[in-house]
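Asks: Please read through the structure below; I'll follow up with questions.
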Amino acid sequence: MVTDGSFGGRVGLNGFTGSISAGVMPLVQATGEVGGYWGRGVSLTSLLGGPTVGFHIYRFEPFVRGLFGVSHTSINSRAFGNSFTIAAGGGLNYFLTDQLAVRALQVDYFRPYGGGYRSADFLRVGFGITYQFGTR
């Protein structure tokens, strides 16, 4: 993640996300996500949930999503409290088998609101592996 400079200069954060989704309609899934990011004295953890919309084109699965929840920020090991947080974006999965896919790209606008610090705008970019239980 890269921030807009709200922490006294641009801060690049490294970290992880893990998510789980369940189909609620043919093209819509309910997604829950947990994430942790850190770098240069700043750490941020988040717990988000919301809808993901995607469809299949051969082995490709483009998707868009909007997630909402809470995040907790610490700066120089000092807790700054919890914030309402949104993440909106999308990405592209490429299925290698019926269950295993490479998340070729995921890009999200990530923004915490409130808490004990000014709100910051983040660009979150990621990639990874996905596994789907059942059939698609």
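The values are calculated or read from the model by the stated rules, or taken from the named source; none is laboratory data. These figures come from a predicted structure and were not determined experimentally. Please note: Cβ atoms are built from the backbone with ideal geometry, for glycine as well, and neighbour counts cover all protein chains shown. Quick note on the areas: whole protein, heavy atoms, side chains included, nothing else; ligands and nucleic acids left out. Shrake-Rupley method; radii C 1.70, N 1.55, O 1.52, S 1.80 Å.
Asks: Name the residues in region 81-101 that are open to solvent by 50 Å² or more (accessible area, probe 1.4 Å) and closer than 20 Å to Tyr131 by Cβ, would you?
Replies: Matches in region 81-101: Leu92, Tyr94, Leu96, Thr97, Asp98, Gln99, Leu100.
Asks: Filter region 16-62 down to residues that are in a strand (DSSP E or B) and at positive phi, then give me how many there are.
Replies: Adding up the residues that qualify gives 2.
Asks: Every residue in region 34-60 that is β-branched (Val, Ile, Thr), at pLDDT 95 or above and open to solvent by less than 30 Å² (accessible area, probe 1.4 Å), please.
Replies: Within region 34-60, Thr52 is the sole residue that qualifies.
Asks: While we're looking at this one, here's another question. List the residue pairs whose Cβ atoms are under 6 Å apart, where the first residue sits in region 84-107 and is within 21 Å of Gly32 (Cβ to Cβ), the second is outside any strand (DSSP E or B), and the two are 6 or more positions apart or on different chains.
Replies: Listed by first residue and then by second, the contacts come to Phe84/Gly114; Gln99/Gln132.
Asks: Quick one: how many residues across region 61-79 are open to solvent by less than 40 Å² (accessible area, probe 1.4 Å) and more than 15 Å from the chain's Cα centre (by Cα)?
Replies: Total satisfying the criteria: 5.
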